Each structure stands twice: as structure tokens, then as C-alpha cells.
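Everything on this sheet refers to the single structure shown next.
The values are calculated or read from the model by the stated rules, or taken from the named source; none is laboratory data. What you see is a predicted model, and the numbers here were worked out from it, not measured in a lab. All Cβ positions, even for glycine, are placed from backbone atoms using ideal geometry, and neighbour counts span all protein chains on display. Side chains are part of the model used for accessible areas, which takes the heavy atoms of the whole protein and leaves out ligands, DNA and RNA. Shrake-Rupley method; radii C 1.70, N 1.55, O 1.52, S 1.80 Å.
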Amino acid sequence: ITEGALIMLNKLVLQIFLLLLLFPSATAVEISQILYDPLNSDTGGEAIELYNPSDDDIDISSRMIATSVSDQDVTFPKNTFIVAKSYFLVADVGWNTTKQSGWRNADYEETMTLPNADSGIALKNKNGTIIDAVGWGNVSKEGLYRGIPAVEVGEGFSLLRVSSTNNNFGDFVASIPKFDSPQQVVVELEVLSPSVVIKKFEILDDDSNLSGTQIL
């Protein structure tokens, strides 16, 4: 290999490395829902839901959630994992005792401060690299939003992710908070051929905008 080709190869490897740093993998943990202005009182009522879209459990130990108030508003402790294809609910201290009826317990509680206007959050790894970010209103702090910030929602509503285009304005919509406990789904399969063996069965998350629940 010539010296010129070697230099070009080194440059290409460096460019790929920088792209991986700037743009996390599509299967990285993402922010799926934020409740920053709960009804009645913010104390014990704020919540952030994360989602792991990958086929593997992801270790989020030492990862942080930054806000306009603190660059390390939440820091996840050791041995904190998000199961594959599952949601992880992090909430303000007191959530599990003050949450609305029917909502599930938080997977992790820590004191957090989410301003109700012109703010945002960012999920970062332990080195400070941004994994995902969501802003609302006229947030000005860099790193707390992607593309154009989402619209602000009223008291008691959450920002819910409906797509992933790295533009908060289109990716998040105002929604009634969806923190219900997972419901049991019973599926009956009739095997018509004795030579057929079902080795794997999977129900994917409903991501349709249609009403009701669609099973893929």
C-alpha cells in the first residue's frame, strides 16, 4: 500500500470515528416522554421516560440527564439497565407515593428540576456526549434540544415522541400522560402442521397514529 493511500485510509477511519461520536447509533436509548408540568404540584410529579429500541439490554450506569438547571440533574447508579425493547421511567422523588391512580411506579427516583417554560433535557453518557435531547418553548441553552424545540404543553400534559427525525418540533406532540402499567396480552396460536415448531414469538410496540392498539 502506498503512503498516499495509507494517509487517505487513516483520514477515512478518523472521519468514521468522529461520525460515531457526533451521531449515536440508531439503537441508542432515546427519550420517549416527558412530564415537566404535572397537575397541582411539580414536587414528586415530574417524570422522564426512556426507551431502549435495541434487541439487547443497555447499561445506563453513570449516564446523566442534564437540564437548564444542572448539567447533572440526574445520575443513574451502578447496575442500572434498560431491558431490550422496554421503557424505563425515571421520576422525581415522591413519585411512587403521589402518582395518579393507574400509573406505574418509577424504575428510578431522584430529585429533578424541570422548568415549565423555555427549557429542555439531554441524556448524556459518562463522558458528556449527548445521546438524545428534547427542548420545549424558546430554549436557548445549546445541547438541550434537537432541530427546532417542541411546543410547550399545558399543565398536566406530557410531550410524547411519535417519530425520530432529530427534530423535536415534529418528533414530539402534546399528549395525556401515558404511564399506565403494562397490560397482559393473551395470544392463541393454532399450529396446523405437525412439522412446524414456533421458536420465537414477539409483539412489537404500537407506533401507529391510529386509535387503539395495533399488533405487528
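Worth pointing out:
- Scanning the stretch 126-166 for residues that are among the polar types (S, T, N, Q), open to solvent by 50 Å² or more (accessible area, probe 1.4 Å) and touching a residue at least 24 places away in the same chain (Cβ under 8 Å) returns a single hit, SER164.
- Residue in the stretch 96-110 that is in contact with a Lys or Arg (Cβ under 7 Å, 6 or more places away or on another chain) and open to solvent by 60 Å² or more (accessible area, probe 1.4 Å) present: no
- Hey, SER68 within 13 Å of the chain's Cα centre (by Cα), of a type in the set (Ser, Thr, Tyr) and surrounded by 13 or more Cβ atoms within 10 Å (Cβ to Cβ) or not: no
- Subset tally (residues that are surrounded by 15 or more Cβ atoms within 10 Å (Cβ to Cβ) and in a loop (DSSP other than H, G, I, E, B)) for the stretch 114-125: 5
- Residue under evaluation ASP118, criteria (1) over 16 Å from the mean Cα position of the chain (by Cα); (2) modelled with pLDDT under 95, criterion not met: (2)
- Selection status of SER25, surrounded by fewer than 16 Cβ atoms within 10 Å (Cβ to Cβ), within 25 Å of ASN168 (Cα to Cα), among the small types (Gly, Ala, Ser) and at pLDDT below 90: yes
- Complete set of residues in the stretch 64-82 that are among the β-branched types (Val, Ile, Thr), in contact with a strand residue (DSSP E or B) (Cβ under 7 Å, 6 or more places away or on another chain) and assigned to a loop (DSSP other than H, G, I, E, B): THR80
- Residue in the stretch 174-182 that is of a type in the set (S, T, N, Q), in a loop (DSSP other than H, G, I, E, B) and at pLDDT 95 or above present: no
- Residue match in the stretch 38-50 (condition: hydroxyl-bearing (Ser, Thr, Tyr) and surrounded by 15 or more Cβ atoms within 10 Å (Cβ to Cβ)): no
- Matching residues in the stretch 126-152 - criterion: being part of a loop (DSSP other than H, G, I, E, B) and touching a Gly at 6+ places or on another chain (Cβ under 9 Å): GLY137, VAL139, LYS141, GLY143, LEU144, TYR145, ARG146, GLY147, ILE148, PRO149, VAL151, GLU152
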